[in-house]
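Down below is the structure, laid out as structure tokens.
The values are calculated or read from the model by the stated rules, or taken from the named source; none is laboratory data. In this text the structure is predicted, and so the values were computed from the model without any measurement. As a convention, Cβ positions derive from the backbone with ideal geometry for all residues, glycine included, and neighbour counts pool all protein chains shown.
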């Protein structure tokens, strides 16, 4: 058994050595460094890429009919995410242990009580694990295609934070929209 192991070990070593030598002959150090640098730079930029959070909407469909789903509230007209009020926060504050995203998307929502349109800033709360039992709202009124990030709500807006994990979304009134 020892002889067989030694034989296999020698074969693997010889094969690895021949491939390493062939690689060294065909590719220069500068070429290898440029390819490795490009790979590392690409890997470092990967967390900045947006990704689709709409997969969690299946959990919203599982909610029972007798539970109150408050996604029809006027301030949530462009909301895409989980309500923070279901996980220890409120409509305007993130739950303990999470931080508001440094970037957000903005929507214009009509308040039927006073008849005015308001600018609403939707900030994702980042840093805690997502609560799958939270109410998921998908209101895409006025949503624009993904190439205009400030008007697109299917992006993980935690990309600018130190902690990138999405938890829930808050809706802050920024001001009255100009007519």
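Among the candidates 84, 94, single out the residue that is modelled with pLDDT of 85 or more and touching a helix residue (DSSP H, G or I) at 6+ places or on another chain (Cβ under 7 Å). Break it down into steps so the answer makes sense when it comes.
Details: 84 fails: touching a helix residue (DSSP H, G or I) at 6+ places or on another chain (Cβ under 7 Å).
Just one listed residue meets the conditions, 94.
Selection over region 110-133 of residues that are free of Cβ contacts under 8 Å to residues at least 60 places away in the same chain, assigned to a loop (DSSP other than H, G, I, E, B) and in contact with a helix residue (DSSP H, G or I) (Cβ under 7 Å, 6 or more places away or on another chain) gives a count of 2. Among the residues of region 19-50 satisfying the criterion of being in a helix (DSSP H, G or I) and either in contact with a strand residue (DSSP E or B) (Cβ under 6 Å, 6 or more places away or on another chain) or modelled with pLDDT under 80 (or both), which is surrounded by the fewest Cβ atoms within 10 Å (Cβ to Cβ)? The extreme case among them is 46. Annotation: of all residues in region 134-152 being modelled with pLDDT under 70 and outside any loop (DSSP other than H, G, I, E, B), the one that is surrounded by the fewest Cβ atoms within 10 Å (Cβ to Cβ) is 150. Count of region 74-92 residues, restricted to those that are surrounded by 15 or more Cβ atoms within 10 Å (Cβ to Cβ) and part of a loop (DSSP other than H, G, I, E, B), is 7. Within region 51-65, identify whether any single residue is surrounded by fewer than 10 Cβ atoms within 10 Å (Cβ to Cβ) and either in a helix (DSSP H, G or I) or modelled with pLDDT of 85 or more (or both), and answer yes or no. Scanning region 51-65, I find at least one residue that is surrounded by fewer than 10 Cβ atoms within 10 Å (Cβ to Cβ) and either in a helix (DSSP H, G or I) or modelled with pLDDT of 85 or more (or both), so the answer is yes.
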